[in-house]
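The values are calculated or read from the model by the stated rules, or taken from the named source; none is laboratory data. Keep in mind it's a predicted model, so treat the numbers as computed, not measured. When we count neighbours, we look across all protein chains shown, and the Cβ atoms used for this are built from the backbone with ideal geometry, even at glycine.
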Amino acid sequence: MTDAQKGIVLDAANLPGWVNVPLASLLANNLGVATFVENDVNAAALAEAATGAGRGCHSVVFMTISTGVAAGIVVEGQLVRGAHHSAGELGNIVPDPRHLDQDWAPNGCLESTAAGVGLASSWLANTGDQLSSEQIFGLADAGNAAAERLVARATDYLAQAALALGSILDPERLILGGPIGLRQPRVSKRIDAVLRSALPAPPEVVPAALGDHAPLVGALMLAAR
């Protein structure tokens, strides 16, 4: 989580000790230039809304699925940040009642079960082998039963998270980014199918037009402002 206005990294789950770090001032003091700090997913959402797959839309949600999972929400060109700068922190969603009342710190339940870090850790726990999420998806595509079970669960969990976004925010487009969101067709197809079957007016599900460059483009846009 990032307080962009104050330039503070409030919490970075995968960076031990990164709590309330005044990153903007630290960089500005050491580099001698004006510095701005923004959550990478928010930056990507702004870029896609302005110049990418969400261009011309009233409201878009950028959902990144990679090592982690999160969303950036843009309505009429403005980011929705939330009261505690944590709007779009999808990793904290609990997609199954069996997971309630468990301690999912620091990454959150959805991230620990359905994102890249969750797939890799689940595979390691079940098999003793250390594989990347890309390798696990490859095994599932090749017919490996254990990989197929993990991937099917993760895909359903991600679709449920997308459904929550669609139900609450009613965006025009849901833009998928990140290595899993962009390069694993079974994930995007499942999300699209669930939204179409469950919502009376589902958003259009599209890939990020700016690809892996979306966060950088968004950061440049913020600096230019």
Legend entry - the range 174-225, residues that are within 20 Å of T155 (Cβ to Cβ) and among the charged types (D, E, K, R): R183, R186, K189, R190, D192, R196, E204
Inset, instruction - Could you figure out which of (1) in a loop (DSSP other than H, G, I, E, B); (2) touching an Asp or Glu at 6+ places or on another chain (Cβ under 8 Å); (3) of a type outside the set (S, T, Y) isn't true of R81? - result: (2)
Legend entry - Any hit, the range 170-193, residues being in the same structural domain as G56 (by TED's automatic domain parsing), at pLDDT 95 or above and more than 21 Å from the chain's Cα centre (by Cα): no
Legend entry - Total residues in the range 179-217, condition of a type in the set (D, E) and surrounded by fewer than 17 Cβ atoms within 10 Å (Cβ to Cβ): 2
Legend entry - Checklist (1) within 16 Å of N42 (Cα to Cα); (2) surrounded by 14 or more Cβ atoms within 10 Å (Cβ to Cβ) applied to L220, failing item: (2)
Legend entry - Options L169, L124: the member that is loosely packed, with under 15 Cβ neighbours inside 10 Å and among the hydrophobic types (A, V, I, L, M, F, W, C): L124
Legend entry - Only listed residue being in contact with a Phe, Trp or Tyr (Cβ under 6 Å, 6 or more places away or on another chain), part of a helix (DSSP H, G or I) and either within 25 Å of D156 (Cα to Cα) or not assigned by TED's automatic domain parsing to the domain that holds G181 (or both), chosen from A24, A45: A45
Inset, instruction - Go through the range 22-46 and count every residue that is within 27 Å of G177 (Cα to Cα) and of a type outside the set (D, E, K, R). - result: 12
Legend entry - Members of the range 127-152 found to be of a type in the set (D, E, K, R) and in contact with a Ser or Thr (Cβ under 7 Å, 6 or more places away or on another chain), listed by number: none
Inset, instruction - Quickly run through the range 4-21 and pick out the residues that are in a loop (DSSP other than H, G, I, E, B) and either in the same structural domain as L110 (by TED's automatic domain parsing) or more than 27 Å from E76 (Cβ to Cβ) (or both). - result: A12, A13, N14, L15, P16, G17, W18
Inset, instruction - Give the range 8-27 a look and list any residue that's farther than 27 Å from A115 by Cβ and either buried (at least 16 other Cβ atoms within 10 Å of the Cβ) or in contact with a strand residue (DSSP E or B) (Cβ under 6 Å, 6 or more places away or on another chain) (or both), or say none. - result: P22, A24, L27
